[in-house]
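One structure is given below, encoded as structure tokens.
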Amino acid sequence: MIQAAPCRRSIDDAAPMETDMKNRLKVLRAERDWSQAELGGRLGVSRQAVNAIETGKYDPSLPLAFKLSRLFEMPIEEIFDDQTGNTHDAE
């Protein structure tokens with residue numbers, strides 16, 4: 001299990017929700033038949049943190065988003081969508 005950083009925030013590694021960010025975390029977890037506790041264990045966070053991210057109460061920190069990306073073997077943008085209508089292509 002990953003060791004917690006000394007200045008870790010509440011609800012593990014999640015930040016209070018300030019945007020209308022949607023995510024596919026619950027679907028991706030269900031496709032693998034993992035419980036919230038199992039996913040939390042793989043990420044080094046609590047079941048409550050996984051629930052809060054899935055329900056949109058909290059956004060994950062950037063390091064946690066990268067862990068999710070590696071775990072599900074897909075880009076962060078395929079897991080999370082900020083709902084701003086912006087495309088991911090910089091022109």
* To do: Collect the residues in the range 40-60 that are in a helix (DSSP H, G or I), of a type in the set (Gly, Ala, Ser) and open to solvent by less than 20 Å² (accessible area, probe 1.4 Å), keeping them in residue-number order.
  => Gly40, Ala49, Ala52
* Please identify the pairs in which a residue from the range 33-48 that is over 10 Å from Lys67 (Cβ atoms) has its Cβ atom under 8 Å from the Cβ atom of a residue that is in a loop (DSSP other than H, G, I, E, B) and open to solvent by 20 Å² or more (accessible area, probe 1.4 Å), counting only partners at least 6 apart or on another chain. => Gly40/Asp12; Gly40/Ser46; Gly41/Met1; Ser46/Ile11; Ser46/Asp12; Arg47/Ser35; Gln48/Ile11; Gln48/Asp12
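The values are calculated or read from the model by the stated rules, or taken from the named source; none is laboratory data. All of these numbers come straight from a predicted model, not from anything done at the bench. Here the Cβ is made from the backbone with ideal geometry for all residues, glycine too, and neighbour counts use every protein chain on show. We work out accessible area using only protein heavy atoms, side chains counted, and drop any ligands, DNA or RNA first. Shrake-Rupley method; radii C 1.70, N 1.55, O 1.52, S 1.80 Å.
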